[in-house]
Amino acid sequence: MAIERAGVIGSGLMGSGIAEVLARSGLDVVVRDISDEAVAAGRARIEKSFDKGVSRGKMTEDERSAALGRMAFTTDMAAMADRQLVIEAASENEEIKKSIFAELDSIVEDESAILASNTSSMPIIRFAQATSRPSRVLGIHFFNPAPVQPLVELVTSVLTAPEVVDEVEAFVSGVLGKEPIRADDRPGFVVNALLIPFLFSAIRMYEAGHATKEDIDTGMVKGCAHPMGPLRLADMVGLDTCFYVGQSMYAETGDPAAKPPLILSRMVDAGMLGTKSGRGFYEYG
Ligand code: CAA
Ligand code: NAD
């Protein structure tokens, strides 16, 4: 059965980007966050991105209006009842995510619906076990910014049914036009298992005073052709998200490379969350 009605839980950086991708691909999308302010911020982020898409010639004005017309924004979880696919993109917190999956399990009516998490690092099996339908739960991990990055990691738990992964793979490539790769349910999957230790090395280098933040970033941009340096990238991901992802990976693996640097913890405590709060390693207008 074709997936036509999707839900997204969380309208932060990733939830809004994922909702945008789904709506631009022709799906009817309901986006849910916990407060009117969060929902309004998510909607504003999507409208701004649509404006950029139009100005860059990636979509027409008509496509913009049609995509927005396919989206609904709410704080009411009950709006997920008739969804065929729900992607959870709430904050990187295991307890929050488990309670969302338990709630979705009791609300989403279609037993063949697919329940997915956009978690960066956490075990998919724990979310699957919060439901009565673990075979229909998997990770669908988009990359930031979701409307631009082609990659989507498909993360299968030991209980995910093979036909569910096949169906999602066909949907991600055929309908969303993204490039899927498959990964086991291991901390950080493929990309973050490599990326987080890299970002934390750069933060430790800065913390130790080996080089300025600008020179660390310029080094990787001009020396290795990265599109942006690691400190600017950490700001874009969100320093809170980087911290929680590292914390979860370190708790599971004990790998010191995944242990969040102390300065990251202090910056998060100070509300310096990167681009989204206006201040991280850099300042944003
Ligand atoms: N809608 C449609 N297209 C858009 C768009 C939008 N809203 N915004 C930008 N684009 C398009 C542009 O038109 C452009 O396309 P062309 O190349 O065809 O012209 C392309 O996207 C790049 O856009 P910009 O010129 O505005 O941006 P840029 O060249 O300055 O690149 C960037 C910005 C995409 C963020 C780039 O710096 C980049 O890729 N940085 C690295 C990002 C990265 O590593 N992300 C992964 C983070 S880790 C993660 O996500 C996982 C996790 O779990 C934490
Ligand atoms: P964010 O902080 O921008 O947004 C999180 C949103 O979740 C907030 O709007 C918050 O209000 C909302 N939320 C919290 N509890 C909720 C609940 N019970 N129901 C609905 N919404 C709730 O975070 P983000 O960067 O969008 O990250 C979201 C998820 O995506 C995390 O799991 C993160 O690890 C993952 N992820 C992040 C990135 C990135 O680069 N930021 C990339 C890929 C994956």
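Bear in mind that the values in this text are calculations on the coordinates, not laboratory data. Keep in mind that what you see is a predicted model, and the values were worked out from it rather than measured. Glycine also receives a Cβ, built like all others from the backbone with ideal geometry; neighbour counts cover every protein chain displayed.
Quick notes on this one:
- Look at the Cα gyration tensor of region 57-125: its axes a ≥ b ≥ c give a/c of at least 1.5 with a/b over b/c, and that counts as prolate.
- Using equal-weight Cα scatterers in the Debye expression, the normalised intensity of region 192-275 in log10 at q = 0.11, 0.21 Å⁻¹ is -0.26, -0.96.
- Charged-residue dipole, Cβ positions (Lys, Arg, Asp, Glu), region 5-184 about Cα centre, Debye nearest 20: 440
- Here Lys178 is the anchor, and the lysines within straight C-alpha reach of less than 26 Å, apart from those fewer than 8 places off in the same chain, are Lys48, Lys52, Lys58, Lys97, Lys276.
- Of all DSSP beta bridges in the chain, antiparallel share, percent nearest 5: 20
- Evaluated with a Cβ-only charge set (Lys, Arg +1; Asp, Glu -1), region 192-275 carries a dipole of roughly 100 debye about its Cα centre, given to the nearest 20.
- Here the Karplus curve 6.51 cos²θ - 1.76 cosθ + 1.60, taken at θ = phi - 60°, turns the phi angles of region 152-160 into couplings of 9, 8, 9, 10, 9, 7, 5, 10, 5 Hz, with x standing for Gly and Pro.
- The overall shape of region 1-84, judged from the alpha-carbon gyration tensor, is oblate: a/c is not under 1.5, and a/b is no greater than b/c.
- Exposed GluC sites (Glu not before Pro) absent - longest run of the chain, DSSP non-H/G/I/E/B, at most 14 other C-beta within 10 Å: 112-285
- A quarter of the convex hull surface defined by the alpha-carbon atoms of the chain gives 14.6 nm² as the mean projection.
- Cβ-to-Cβ counts within 10 Å put Leu262, Leu22 in ascending order as Leu262, Leu22, the fewest first.
- Cα-based shape type of region 240-285, given that a ≥ b ≥ c are square roots of the gyration tensor eigenvalues and the cut on a/c is 1.5: prolate
- Volume per residue for region 97-157 equals 88 cubic angstrom (convex hull of Cα atoms).
- Region 9-24 - phi-based ³J(HN,Hα) in whole Hz, Karplus 6.51/-1.76/1.60, Gly and Pro as x: 9, x, 10, x, 3, 7, x, 5, x, 5, 4, 4, 4, 5, 5, 5
- For Val8, distant residues with modelled amide H under 5 Å away: Val30, Val31, Arg32, Ile87
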